[in-house]
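Working notes, structure below.
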Amino acid sequence: MLAIIPLKQGNLHINWQKELGQAFTSPEQLLGYLKIDAAPWQAGFAARRLFPMRVPRPFADKMVKGDAQDPLLRQVLPLGEEFAEVPGFVTDPLDEHDSALPGLLHKYRSRVLLVVRGGCAINCRYCFRRHFPYAENSPDQAGWQAALAYITTHPEINEVILSGGDPLMAKDNHLARLFEELAAIPHLKRLRIHTRLPVVIPARLTDELRELLSTSRLQAVMVLHINHANELDDELSQRLNSWRQAGITLLNQSVLLAGVNDDADTLCELSERLFSAGILPYYLHQLDKVAGAAHFAVEDTKAKALMAELLAQLPGFLVPKLVREIGGEANKTPIDLGLEPTLS
Ligand code: SF4
């Protein structure tokens, strides 16, 4: 049974939760903080009706003051383009809104995805789950037991992916109980956490959480979501280094986004910085065609040309796989680059 245990006073969790509570939710305040004139952007702020704005201060601190085209700002600022109705861009691009059980998606044979928390610390404007009905997919205690029972009775599942929203929105004591319940299921081998929270609030990488993962029977993998080298500053790199030294595998997936990272130098710099921090570039996703995000889309022809440049400039292990998710498909679909890469 999963239960919430009260936090101890002085616990490090307070810090990240405080940061969460102080996130910018108003574009005017964020632009004021960044010393950018809000007037030219004002008309687009109504897009908050479609998807609220949420930007933690540590992430805003990585943006360049005075630069309205900052690649981190572009990921979070509501714009008028979100109202555009573009053919092919829909509310449920991956056919996810009907799950096996509330909070549990069984898309891949050996892996199951648990929606641990509906919310995120940051609201990325291109998010493929910006219309996801989290309210219907947030299990209560009985729902959790049903999800665990489902995993227990499916021996083909060897990996649980904690997702969301962002699973690290859950408190450490809640996660501890969940990890314990999962580790007791004998056919599980791995626990994978998909998260962007440490990127936007590095204090979320608590020592307690690292200890929980590094001492679990299950092999722990953390897949970060970093789109631009500026998101990976020294503080985050140092914290992640201790996680890697504790034996937690660190991978990264990015989304290819127009105006954010759609040029080869930016992607090369990202791969280099990831590797310096002990993180392997894993996937580069083509944008999921979610309504409201068409202005972030990059044509396949351009994506392939970028990949050719990455293959020419980087060693093979620093080149992420270019993939796209297709609703109903059992796996991510690699995009054929039509190249004969030289192995290195
Ligand atoms: S952190 Fe991930 S799930 Fe959350 S809003 Fe951003 S892209 Fe979506």
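Here is how the numbers come out for the structure above:
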item: Some residue of region 138-160 being within 16 Å of the ligand (Cβ to nearest atom) and open to solvent by less than 10 Å² (accessible area, probe 1.4 Å); result: no
item: Among the candidates 130, 125, residue that is at pLDDT 95 or above, within 16 Å of the ligand (Cβ to nearest atom) and either of a type outside the set (A, V, I, L, M) or farther than 15 Å from residue 51 by Cβ (or both); result: 125
item: Hits in region 255-266 (condition: open to solvent by 10 Å² or more (accessible area, probe 1.4 Å) and either free of Cβ contacts under 8 Å to residues at least 60 places away in the same chain or touching a strand residue (DSSP E or B) at 6+ places or on another chain (Cβ under 8 Å) (or both)); result: 255, 258, 262, 263, 265
item: Selected residue (criterion: most open to solvent (accessible area, probe 1.4 Å)) from residues of region 213-223 that are out of contact with any helix residue (DSSP H, G or I) (no Cβ under 6 Å at 6 or more places or on another chain) and away from the ligand (no atom under 16 Å from the Cβ); result: 219
item: Residues that are within 13 Å of residue 267 (Cα to Cα) and open to solvent by 10 Å² or more (accessible area, probe 1.4 Å), drawn from region 281-301; result: 281, 282, 283, 285
item: Qualifying residue in region 224-242 (condition: at pLDDT 95 or above, open to solvent by less than 20 Å² (accessible area, probe 1.4 Å) and farther than 24 Å from residue 60 by Cβ); result: no
item: Only one of 102, 93, 71, 87 that is closer than 19 Å to residue 257 by Cα and more than 20 Å from the chain's Cα centre (by Cα); result: 87
item: Filtered residue count, region 23-40, keeping only those that are part of a helix (DSSP H, G or I) and either surrounded by fewer than 18 Cβ atoms within 10 Å (Cβ to Cβ) or in contact with an Asp or Glu (Cβ under 9 Å, 6 or more places away or on another chain) (or both); result: 7
item: Filtered residues of region 164-212 (kept if open to solvent by 10 Å² or more (accessible area, probe 1.4 Å) and within 16 Å of the ligand (Cβ to nearest atom)); result: 165, 169, 192, 194, 196
item: Residue 126, sole failed condition from (1) surrounded by fewer than 16 Cβ atoms within 10 Å (Cβ to Cβ); (2) closer than 30 Å to residue 80 by Cβ; result: (1)
item: Candidates 233, 288, filtered to the one that is within 16 Å of the ligand (Cβ to nearest atom) and acidic (Asp, Glu); result: 288
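The values are calculated or read from the model by the stated rules, or taken from the named source; none is laboratory data. The shown structure was predicted, so the numbers you read here are calculated from the model rather than taken from an experiment. All Cβ positions, glycine included, derive from the backbone under ideal geometry; neighbour counts span all protein chains shown. Accessible surface areas use protein heavy atoms only, side chains included; no ligands, DNA or RNA. Shrake-Rupley method; radii C 1.70, N 1.55, O 1.52, S 1.80 Å.
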